[in-house]
Structures are given as structure tokens and as C-alpha cells.
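Comments concern the structure below.
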Amino acid sequence: MKKIKLSVGDKYHLESALEINAEMQALLIPLLTIVEKEVDPDTYVMLRAVKRLSMCQYHDLNELNNNFE
């Protein structure tokens, strides 16, 4: 697959989005552990959904990042 040329600014924004997403995932893992033990099941399920969404977003962002120069 041919890589698409991306401006330096756009590449920076994409890399920033990847870093922010990775930081969110790092914060969510300990929160899930705490919530699982101390909060009602609905809150835990919602937080797990947020974690899954952030993991899917990271996968998509990473795939985009790999297709750009």
C-alpha cells in the first residue's frame, strides 16, 4: 500500500492523539480495578465500554499513522 504524504503539523497532531489515547488507557486500567471492587455493576460496565472504545480508537489511529509518511 502506498503511503500518503502528511504535513508535519498533521503528523504531529496524529502522534499527539496516539499519545493521549495511550495515556487514557493507562489511567483506565487502575480505575477499572477500583470500580470493579467498590462501585455498582453499571458503572463498571460503562467504564469497560470506555476502555474498549479507547482501545479501538488507538488501533484505528495507529493504522492511520502507519499509512502516512
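A few remarks follow.
- Summarising the amide proton neighbourhood of Phe68: residues at separation of 5 or more, or on other chains, whose placed amide H is nearer than 5 Å comprise Ile4.
- Taking a point 7 Å out from the Cα of Lys3 in the direction of its Cβ, the residues of the stretch 38-69 whose backbone N falls within less than 18 Å of it are 61-69.
- Loop-located chymotrypsin sites (Phe, Trp or Tyr not before Pro) in the stretch 8-68 whose Cβ has at most 10 other Cβ within 10 Å (DSSP): none
- Helix 8-38 and the longest principal axis of the Cα set of the chain meet at an angle near 10°.
- Equivalent ellipsoid dimensions for the chain as semi-axes, Å, which come from the Cα gyration tensor, largest first: 33, 11, 7
- Residue-wise HN-Hα couplings along the stretch 44-58, as the Karplus relation 6.51 cos²θ - 1.76 cosθ + 1.60 with θ = phi - 60° gives them from phi, are 4, 5, 5, 5, 4, 5, 4, 4, 4, 4, 5, 5, 5, 4, 4 Hz; Gly and Pro carry x.
- Using R0 = 35 Å, the C-beta based FRET efficiency linking Leu64 and Ile29 works out to 0.90.
- Estimated [θ] at 222 nm from DSSP helical runs (n ≥ 4, -39500 (n - 2.57)) normalised by residues in the chain, nearest 500: -29500 deg cm²/dmol
- Comparing Lys51, Lys11, Lys37 in a Gaussian network model of the chain, where Cα atoms under 10 Å apart are tied by springs, the biggest mean-square fluctuation is seen for Lys37.
- When you restrict to C-alpha pairs under 8 Å that are six or more residues apart and normalise by the size of the chain, the relative contact order lands at 60 percent.
Since every read-out is calculated from the coordinates, none of them should be taken as a lab result. Quick caveat, the model's predicted, so the values are computed rather than measured. FYI the Cβ positions are ideal-geometry reconstructions off the backbone, even for glycines, and counts take in every protein chain you see.
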